[in-house]
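All remarks here apply to the structure that follows.
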Amino acid sequence: MKGGISMELMYDVVALGEMLIDFTENGVSGQGNPIFEANPGGAPCNVLAMLQKLGRRTAFIGKVGSDAFGRTLRQTGLEAGIDMSGLVFDERIHTTLAFVQTAPDGDRDFSFYRDPGADMMLSPEEVPAELIENGKIFHFGTLSLTSEPVRAATVKAVALARRAGAVISFDPNLRPPLWRDMYVAKAMIAWGLAQAEVVKIADNELEFMTGLTDFDAGAAMLLAEYPNIRLLNVTAGAEGSYAYSGGKRAFVPAFRLGGTIETTGAGDTFCASVLNYILDRGLKGLGAGELTEMLRFANAAAYLVTTKKGAIRSMPDREQIDEILERPI
C-alpha cells in the first residue's frame, strides 16, 4: 500500500509476551460472595486480537502451562484468528493468573499469581525466528522483561526483528507487583524505549520514567533521550491521548459516551489501532492531521472495549468504531 509498510511478508504484526487468565469481578453470588469471570487476556495477545478484528494477519510467541487455562488460551487465540504456532506449553509451571478488582471509575487493581508463571519460562531456544522474520511489525512489553529466561528470549526476539527490518513497537505496560525491584523495572523500560520506533506509554509510566507530570515536557524528554522513537503516544485515561512525531503534536479527548464497566484491554486496543494505522500510512511525514485521525480512531476503539468485560473476546470491529466516530466527542 502506498505510503505504508511493505505487503510482501506473511504477518502484519508478531508479538511476544504473556498470555494469562484475567479473573474479573462479575457480581456476587446468592451467598454474597464475589464472582470472578475467567477472561482470556495478556497485553500482547490483546493487541493481536484487535488487529485481527481490523483484518490484519498476526502471530503470537509465548508460553502457557499445560493445564486447562493454557488450553483455553490457545483455543481463544485460534478463535480470534491469531497464528498460535509460536505458543509453547510448559509441563511443569502453571499458566499465570491475574485477579482484577474494579473501582467505581473503571480503574483496576491487579493481584498476580505468577511466582513463577509459565509465561516467565519462555527460553531463547523456544523463540521461532521464522515468525519474527516474516513480520512487518514486532511488538513487546515489559512483562517479558521481569525475569529470566523470558528476558533473554525477548532480547533475542528484538534482535531478530531488527535484523529482519521490522518496525519495533513497545508498550511498557508497567505492573509494579510483578517487579521485585523498581530500579530494575525502570532499567528494563529504558532498554525497551531504546529499541523501539513506536511507543505507547501511559501517563503514570511517563511520570515514572521522567519524573514529570506535564505530558508535553515528559514526551520531549523521552524523545530527546531516545531519538530512535519515531512515534510516541501518551494515553491519559479518561482525559484522552497525545501523539508526538517528527516535531508534530496532536491531542484528542476521550470519548465519554457512558457505559464504561472496566478498562481492561483499553490500552492494548489503542495500541493495536495505532499499529493498524501505521501499516496503512507508514511512519514518514506524519502531520498533525494524520496524528489526530489516528488518535480519534484509537480512542473510539479503546472506549468500546471499556463497555465490556475482559479483552480478547471484547474487541470491537471496524463498523462499531466507525459508528462511534460519527458521534460528537
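Rule-based calculations on the coordinates, nothing more; no lab input. What you see is a predicted model; the values in this text were computed from it and never measured. So basically every Cβ, Gly included, is an ideal-geometry build from the backbone, and we count neighbours across all protein chains shown.
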**OP:** For a footprinting-style exposure proxy, rank 170, 36 by other Cβ within 10 Å, fewest first.
**Re:** 36, 170
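If you take the square roots of the eigenvalues of the alpha-carbon gyration tensor of the stretch 15-103 and sort them as a ≥ b ≥ c, do you get rounded (a/c under 1.5), prolate (a/b over b/c) or oblate?
Values: a/c = 2.55, a/b = 1.53, b/c = 1.66.
Oblate shape, in that a/c is at least 1.5 and b/c is the bigger or equal ratio.
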**OP:** Please report how far the C-alpha centroid of the stretch 216-235 lies from that of the stretch 122-165, rounded to the nearest whole angstrom.
**Re:** 23 Å
Subject >> Ratio of Rg to Rh over the stretch 281-329 (Cα coordinates, Kirkwood Rh, two decimals) >> reply: 1.04
Original post:
Can you work out the FRET efficiency for the pair residue 256 and residue 212, with r the C-beta to C-beta distance and R0 = 25 Å, to the nearest 0.05?
Top reply: 0.45
Original post:
Taking 1 over the mean of 1/r across every pair of different Cα atoms in the chain, what Kirkwood radius in Å do you get?
Top reply: 19.6 Å
Original post:
Do you know the Lys pair count in the chain for C-alpha distances under 25 Å, with sequence separation 8 or more or different chains?
Top reply: 27
**OP:** State which helices in the chain qualify, where a helix is a whole DSSP H run, it must extend 24 Å or more along its own axis by its Cα atoms, and its mean Kyte-Doolittle hydropathy must be at least 0.0.
**Re:** 288-305
**OP:** Give the shape of the stretch 179-321 as rounded, prolate or oblate, defined through the alpha-carbon gyration tensor: a ≥ b ≥ c are the square roots of its eigenvalues, a/c under 1.5 means rounded, and otherwise the shape is prolate if a/b is larger than b/c and oblate if not.
**Re:** oblate
**OP:** Sort 140, 110 so that the residue with the fewest other Cβ atoms within 10 Å of its own Cβ comes first and the one with the most comes last.
**Re:** 110, 140
Subject >> Total charge dipole magnitude, the chain, about the Cα centre, Cβ charges on Lys, Arg, Asp, Glu only, Debye to nearest 20 >> reply: 580 debye
Original post:
Which residue, chosen from 240, 99, 166, occupies the Cα position most advanced towards the positive end of the dipole of the chain, where the dipole is computed from +1 (Lys, Arg) and -1 (Asp, Glu) charges on Cβ about the Cα centre?
Top reply: 166
Subject >> P(r) tail fraction, the stretch 61-161 - alpha-carbon pairs more than 23 Å apart, % >> reply: 31 percent
Subject >> Charge dipole (the stretch 11-325, unit charges on Cβ, about Cα centre) - positive-most of 189, 277, 299 >> reply: 277
Original post:
Can you put 14, 274, 198 in order, fewest other beta carbons within 10 Å first?
Top reply: 198, 274, 14
Original post:
Quick one, what does Rg over Rh come out to for the stretch 139-195 if you take C-alpha atoms and the Kirkwood Rh?
Top reply: 0.97
Original post:
What ranking do 156-164, 230-238 get when scored by the average of other Cβ atoms within 10 Å per residue, highest first?
Top reply: 230-238, 156-164
**OP:** At 7 Å along the Cα-to-beta-carbon direction for both residue 180 and residue 112, put a label point, then send me their distance in nm to one decimal.
**Re:** 1.3 nm
